[in-house]
Each structure stands twice: as C-alpha cells, then as structure tokens.
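Trainee: First the structure, then my questions, so here it is.
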Amino acid sequence: WLLLGHGSWDTRHQIRRVMTMAEGDSLISVDYEVFGKVQGVFFRKYTQAEGKKLGVVGWVQNTEDGTVQGQIQGPSVKVRELQEWLRKKGSPKSHINRAEFRNEKKIVALEYRNFSIVK
C-alpha cells in the first residue's frame, strides 16, 4: 500500500514524540542561586508561587550574601521552566544579574511535598 510509507514516518514521529515526553517526565533535582537585586523585592514569594504554578517542589531562601538560593525538584520539563524564570524573569521589582545551577541529578522520588520559603 501507498499508506505504508506514510504510516512508517508517522509511527517514527510518534515514537520520537513519546520518547521526548518520557525524557521530560523524568524527575530531576537541581540547586540554584540567583544573583542581583533579589532581596527585599518579594523574590522568594514569587518564586514559591511560580514553583507551585508549575507543579514542582523544593524551597527558596535568602542568603547572607544578598542572593537567593534553593532547590527545585520535579519533572525535568517543569524544572527547566522554573530555571528559565529564575534566570530571566523573577519578581517584578527584582533585577537578576545571573542564576547558577548546580548538583543536577535524576531522582526516583520527590523529597519535598511542596514549594516552601525557608526563613
């Protein structure tokens, strides 16, 4: 049949899409630190809200060095979205110079129940 050629491309395309989704569903954990004007601008509150909106878990806290740090855990696709948010957006009055991410690893289960602000 002529459709066989079409079908095989379509099947390969579907398989590739499923594999990509499966990779995106794997759980990862990553530590972060955000530098710039990130204290006194509700950065932690907005980070918590964004984390909850994306459905990831973890924590956020101010440091004595004037930065904000924490950890994100969740499906890699959602963690990447929060990383991008931390790198480029932040809270409305913040000014982000840079964001660093360390200790990225695959995990089998989430270690937190929600996204919390650590005082």
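Trainee: Can you pick out the pairs among Lys88/Lys119; Lys78/Lys105; Lys37/Lys89; Lys37/Lys106 whose Cα atoms lie more than 21 Å from each other? Walk me through the intermediate numbers first.
Mentor: Working: Lys88/Lys119 24 Å; Lys78/Lys105 15 Å; Lys37/Lys89 12 Å; Lys37/Lys106 31 Å.
Correct reply: Lys88/Lys119; Lys37/Lys106.
Trainee: Using +1 at the Cβ of each Lys and Arg and -1 at the Cβ of each Asp and Glu in segment 79-119, identify which of Ile107, Ile117, His95 lies farthest towards the dipole's positive end.
Mentor: His95
Trainee: Points 7 angstrom from Cα along the Cβ direction at Ser26 and Asn114: gap in nanometres?
Mentor: Here the modelled spin labels are 3.1 nm apart.
Trainee: Which whole-Hz couplings ³J(HN,Hα) result when phi for each residue of segment 35-47 is put into the Karplus expression 6.51 cos²θ - 1.76 cosθ + 1.60, θ = phi - 60°, listed in order with x for Gly and Pro?
Mentor: Per-residue couplings from phi come out as 10, x, 8, 10, 10, x, 10, 6, 4, 5, 4, 5, 5 Hz.
Trainee: While we're on this one: Expressed in nm to one decimal, what extension gain is obtained for the pair Gln39 and Glu100 from 0.36 nm per residue of sequence separation less their Cα-Cα distance? Each step should come with its number before you reach the end.
Mentor: Working: separation 61, 0.36 × 61 = 21.96 nm, distance 1.64 nm.
Difference between extended and current length: 20.3 nm.
Trainee: Pop out the Kirkwood hydrodynamic radius of segment 15-119 from its pairwise C-alpha distances, inverse of mean 1/r, in Å to one decimal.
Mentor: 13.8
No lab work stands behind these numbers, since they all come straight from the coordinates. In this text, all values refer to a predicted model and were calculated from it rather than measured experimentally. Cβ coordinates were reconstructed from backbone atoms using ideal geometry, including for glycine residues, and neighbour counts include every protein chain displayed.
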